[in-house]
Amino acid sequence: VCASIGCPPLAGTPYIADALDKQLNDASANFALNTDYNRLDPSAGKAELSAIFDWFGDDFIEKYYVADARKGFSKKENSAINFLIGYHPADQKQTMQNSKYKISYIDYDWSLNKK
């Protein structure tokens, strides 16, 4: 990640081999659920996504694309929504999966993080 505010937050501790999978999963969950970066609102039919999904959305296709889900979405939009929903609590996932979303991308904040 870069040092800008628009990037997913860096961990405050070093990554270590024995805990790497958990650390990366925790960082992914933090990014997915943090409304500074992504906002899914099934009741309003809105999905405001980090610009990272616009720029690098193809990187999510292999693991998160579901062919029969979200008709009319590009593969990268489909994959981004599936990635984000995967980190939400189980009791919210069904509603989120069945919702139709109008996707927009949040303006990326290139200003630098503080120490």
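A compact table of results
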item	result
Residues of segment 98-115 satisfying the condition of being open to solvent by 80 Å² or more (accessible area, probe 1.4 Å) and under 19 Å from Lys76 (Cβ atoms)	Lys100, Lys102, Asp107
Residue satisfying condition, being free of Cβ contacts under 8 Å to residues at least 60 places away in the same chain and among the hydrophobic types (A, V, I, L, M, F, W, C), within set Leu33, Leu40	Leu33
Tally, over segment 53-72, of residues that are modelled with pLDDT under 95 and of a type in the set (Val, Ile, Thr)	1
Residue, farthest from Phe83 (Cα to Cα), within segment 44-58, restricted to residues that are in contact (Cβ under 8 Å) with a residue 24 or more places away in the chain and open to solvent by less than 20 Å² (accessible area, probe 1.4 Å)	Gly45
Answer residue from segment 1-22, given it is in a loop (DSSP other than H, G, I, E, B) and over 19 Å from the mean Cα position of the chain (by Cα) and is surrounded by the fewest Cβ atoms within 10 Å (Cβ to Cβ) among those	Gly12
Filter result for Ala27 (modelled with pLDDT under 95 and not basic (Lys, Arg))	yes
Check on Phe73, under 24 Å from Cys2 (Cβ atoms) and among the aromatic types (Phe, Trp, Tyr)	no
Selected residue [of a type in the set (D, E, K, R), loosely packed, with under 11 Cβ neighbours inside 10 Å and modelled with pLDDT of 90 or more] from Asp91, Asp41	Asp91
Yes/no for Ala17 being modelled with pLDDT of 95 or more, in contact with a Gly (Cβ under 8 Å, 6 or more places away or on another chain) and of a type in the set (A, V, I, L, M, F, W, C)	no
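Residue-wise test of (1) in contact (Cβ under 8 Å) with a residue 12 or more places away in the chain; (2) touching a Pro at 6+ places or on another chain (Cβ under 6 Å); (3) over 17 Å from Phe31 (Cβ atoms).
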{"site": "Asp68", "(1), (2), (3)": "no, no, yes"}
{"site": "Gly72", "(1), (2), (3)": "no, no, yes"}
{"site": "Ile81", "(1), (2), (3)": "yes, no, no"}
{"site": "Leu84", "(1), (2), (3)": "yes, no, no"}
{"site": "Pro89", "(1), (2), (3)": "no, no, no"}
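The values are calculated or read from the model by the stated rules, or taken from the named source; none is laboratory data. A quick note: this is a predicted structure, and the numbers were derived from the prediction, not measured. Don't worry about glycine lacking a Cβ; one is built from the backbone with ideal geometry, like all the others, and counts go over all protein chains shown. Note: accessible area is taken over every heavy atom of the protein model, side chains too, but ligands, DNA and RNA are not part of it. Shrake-Rupley method; radii C 1.70, N 1.55, O 1.52, S 1.80 Å.
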